[in-house]
Amino acid sequence: LKDVIVTYAKTSDNILHAGCGTSMLPELMYDDGFLLMTNIDVSHHLIDCMREKYRDRHTLEDIFVHITRKDED
């Protein structure tokens, strides 16, 4: 997967990792110099786990998002 990613992305790009779950991809990409990454998932629990796991990687952002729910006005 790394060969595909480095073909299309630069380390200076902002990366969106949708449905991150408990993937190690953010950690591996960060270690390879991809410092600007936003990880989203529908699980509060998984996002909390990712925030704790990557708390020392300050440029990684973990966000809870429920993309199937429409907010009411």
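The values are calculated or read from the model by the stated rules, or taken from the named source; none is laboratory data. Computed from a predicted model, the values in this text were never measured in an experiment. Virtual Cβ from ideal backbone geometry, glycine too; neighbours counted across all protein chains shown. The accessibility values were calculated without ligands, DNA or RNA, using every heavy atom of the protein model including side chains. Shrake-Rupley method; radii C 1.70, N 1.55, O 1.52, S 1.80 Å.
Tabulated data for the structure shown
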| read-out | value |
| --- | --- |
| Contacts under 7 angstrom Cβ, first residue in segment 31-58 being among the basic types (Lys, Arg), partner surrounded by fewer than 15 Cβ atoms within 10 Å (Cβ to Cβ) and assigned to a helix (DSSP H, G or I), 6 or more apart | none |
| Members of segment 17-54 found to be among the aliphatic types (A, V, I, L, M) and surrounded by fewer than 12 Cβ atoms within 10 Å (Cβ to Cβ), listed by number | Ala18, Met24 |
| Filter result for Lys10 (in contact with a helix residue (DSSP H, G or I) (Cβ under 8 Å, 6 or more places away or on another chain), open to solvent by 60 Å² or more (accessible area, probe 1.4 Å) and not hydrophobic (A, V, I, L, M, F, W, C)) | no |
| Among (1) in contact with a Phe, Trp or Tyr (Cβ under 6 Å, 6 or more places away or on another chain); (2) modelled with pLDDT of 85 or more - the single one His44 does not satisfy | (2) |
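Here's the yes/no breakdown for (1) on the phi < 0 side of the Ramachandran plot; (2) charged (D, E, K, R); (3) not in a helix (DSSP H, G or I):
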{"site": "Val6", "(1), (2), (3)": "yes, no, no"}
{"site": "Lys10", "(1), (2), (3)": "yes, yes, yes"}
{"site": "Thr22", "(1), (2), (3)": "yes, no, yes"}
{"site": "Met29", "(1), (2), (3)": "yes, no, no"}
{"site": "His45", "(1), (2), (3)": "yes, no, no"}
{"site": "Cys49", "(1), (2), (3)": "yes, no, no"}
{"site": "His58", "(1), (2), (3)": "yes, no, yes"}
